[in-house]
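Note sheet for the following structure.
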Amino acid sequence: MDIVLSGIRSTGNLHLGNYYGALRNFTRMQHENKCFFFIADYHSMTTHPDPKQLHGNVKNVLTEYLAAGIDPELSTIYVQSDVPEVCELYLLLNMHAYMGELAKTVSFKEKARKQPENVNAGLLTYPTLMAADILIHNADKVPVGKDQEQHLEMTRKFARRFNNLYGLEYFKEPVAYNFGQELIKIPGLDGSGKMGKSEGNCIYLGEDPKSIEKKVKRALTDEGPKEFNSEKPDYIENLFTILKVVSAEEVVKHYEELWNKCEIRYGDLKKQLAEDIIKVTSPIRERILDIQGDDAYLHKVTSEGAEKARESASKTVREVREIMGITKF
Ligand code: TYM
C-alpha cells in the first residue's frame, strides 16, 4: 500500500483549485492507500497572519477537508503544528539545503516580489519545510496541483541528496499522485492565471449558489469566435478547463462543437458551468454547515490524527538522527 500525503495551507477557505488539485479522486485515494491529510499552519506563518485569526483559519480548512469527503476512519487528518517532529526534520534537512537553490525557487521569487517588506527566512526555506512534511512519513505519492510541481521536485532532490550523502536508500523519492499526466491547474474566472486565494478569483467550496452564479456570469468573454475551429483566447479556454473538471464529457463535447461551429452562446455556457459547479459544491456546502461549530468532533479528529501522525513522524526522526550521528549519552 502506498503512502499518500496531502497538505493545504491554512490561509483561507478551500476553493475549486484546492479541490481538484489536492483532493482529486479522494474516495479512491483513501481506499487504495495509507493517506495523511494535514493543514499546513506553519507554512501560513510566512505571511504573518493575525494571531487572533490563525486558529479560525485552521478550523475552517479542517471543516472543509472533512466536508469534502476526507474520512478520519480511513485517513489520518492532522494539524502540522501538532506534530513537532516536523520542525526537527525541517532543521536537519536545512543543513543540506543551499541558499542558491532555495533563492531560485519560483514561489520564493514571486513572494519576494509581492511582499518586499517581508522576505523572511521562512519564505526562503519554505521548500525544506514542505519536504519535511512529505519525508516525515516517507510518502510515495503527493496529490498536488501544477503550482507545487517545483516544490515536489525539490523534495526529491533533498531525499536523493540525503541518501547519497549517508550512503543508504533511506528516503523514497515521492511523485505526484497523478504522475504521468499533466498536473492540474484550475484557472481563475478573471481571465488571469490560476485560481488562488491571494489572487481573489476563487469559487469556494462553501460558497452560496447565488454567489457562484454571479461570479460565473461576470467571467470575461467576448463577442464570440469569428472563424470555424479557431483557437480559443485564454479567458475562454479557462472556462472550458473548469467545464472539463465539473461537467460530463458529453457536455464538454457539446460546447466544443458549438465553439467550433461559431454557434456558441456564452450565456448558455455560463449557465451550464454555474449549474455544474453548484452540483459539485452543494453537498460539500451542506456538510460544512453540519460540521461547522462541532468543536468536540473537530477536537477528536485532530487529537487522534496528531497521535497517528506522530507515531510515523517520530520513527522517521529517530532514524534520521541515528543516520546523521546524533546519539544519546
Ligand atoms: P496551497 O495551500 O496553496 O494549495 C493546496 C493544494 O491545492 C493545490 N492548488 C491548486 N491546484 C490546481 N489549481 C489551482 N488553481 C490550485 N490552487 C491550489 C495546490 O497545488 C496544493 O496541492 N505548499 C503547499 C502546502 C503544503 C503541502 C505540503 C502540499 C505544505 N506542505 C506537503 C503537499 C505536501 C501550498 O501552499 O498549497
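The values are calculated or read from the model by the stated rules, or taken from the named source; none is laboratory data. Everything numeric here is computed off the predicted structure, so don't read it as measured data. Neighbour counts run over all protein chains shown; Cβ positions are idealised from the backbone, glycine included. Ligands, DNA and RNA are stripped out before the accessible areas are found, and what is left, the full protein with its side chains, is counted by its heavy atoms. Shrake-Rupley method; radii C 1.70, N 1.55, O 1.52, S 1.80 Å.
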**Study point:** Helix 149-166 vs. the chain, principal-axis angle (Cα, 0 to 90°, nearest 10)
**Key:** 20
**Study point:** Listed peptides 318-329, 195-206, 61-72 by packing density, highest first (mean Cβ within 10 Å)
**Key:** 61-72, 195-206, 318-329
Revision key, fill the gap. Sorted by chain and number, the residues with a modelled amide H under 5 Å from that of Gly191, at a separation of 5 or more or across chains, are Leu220
Exercise for review: For the chain, give the magnitude of the charge dipole about the Cα centre (Cβ charges: +1 Lys/Arg, -1 Asp/Glu; no others), in debye to the nearest 20.
Suggested key: 600
Review point. Picking from Met29, Leu54, Thr281, whose Cα lies most toward the positive end of the charge dipole for the chain (charges on Cβ: Lys, Arg +1; Asp, Glu -1)?
Key: Leu54
Point to revise | In sequence order, calculated HN-Hα J values of the range 34-47 (Karplus, 6.51, -1.76, 1.60; Hz; x Gly/Pro) | key: 8, 9, 10, 10, 9, 9, 7, 7, 4, 4, 6, 6, 4, 9
Check your understanding: Using modelled amide H (1.01 Å from N, peptide plane; none on Pro or chain starts), what sits under 5 Å from the amide H of Leu14, excluding residues fewer than 5 places away?
Key -> Leu205
Check your understanding: Against the longest principal axis of the chain, how steep is helix 295-324, in degrees 0 to 90 to the nearest 10, with axes from Cα atoms?
Key -> 50
Check your understanding: How large is ³J(HN,Hα), in whole Hz, for each residue of the range 265-276 in order, when computed from phi with the Karplus curve 6.51 cos²θ - 1.76 cosθ + 1.60 and θ = phi - 60°, using x for Gly and Pro?
Key -> 10, 4, x, 5, 4, 5, 5, 4, 4, 4, 4, 6
Review point. Given +1 on the Cβ of Lys and Arg, -1 on the Cβ of Asp and Glu, and no further charges, what dipole in debye does the range 221-283 carry about its Cα centre, rounded to the nearest 20?
Key: 200
Check your understanding: Of the residues Thr281, Thr316, Thr47, which exhibits the maximal mean-square fluctuation in a Gaussian network model of the chain defined by a 10 Å Cα contact cut-off?
Key -> Thr47
Review point. At a 1.4 Å probe, what is the % contribution of carbon and sulfur to the accessible area of the chain?
Key: 51
Exercise for review: Divide by every residue of the chain the summed helix terms, -39500 (n - 2.57) for each DSSP H run of at least 4, and state the resulting mean residue ellipticity at 222 nm, rounded to the nearest 500 deg cm²/dmol.
Suggested key: -17500 deg cm²/dmol
Review point. Hey, how many Å between the Cα centroid of the range 255-295 and the Cα centroid of the range 218-237?
Key: 20
Practice item. Can you tell me the 0 to 90 degree angle between the C-alpha axis of helix 209-218 and the longest principal axis of the chain, rounded to 10? Key: 70
Review point. How would you order 223-235, 104-116, 77-89, 153-165 from highest to lowest mean count of nearby Cβ atoms within 10 Å?
Key: 77-89, 153-165, 104-116, 223-235
Check your understanding: Lys/Arg Cβ at +1, Asp/Glu Cβ at -1, dipole of the range 195-329 taken about the Cα centre: which of Tyr266, Leu220, Ile326 is farthest positive-ward?
Key -> Ile326
**Study point:** Rounded to the nearest 10 Å², the accessible area of Asp147 at probe 1.4 Å
**Key:** 80
**Study point:** Per-peptide average of other Cβ atoms within 10 Å, ordering 131-137, 297-303 highest first
**Key:** 131-137, 297-303
Review point. Tally Lys and Arg at +1 and Asp and Glu at -1 over the other residues with C-beta under 14 Å from the C-beta of His254: what net charge comes out?
Key: -3
Revision key, fill the gap. Heavy-atom accessible area per residue of the chain, all protein chains kept, 1.4 Å probe, expressed in Å², is 50
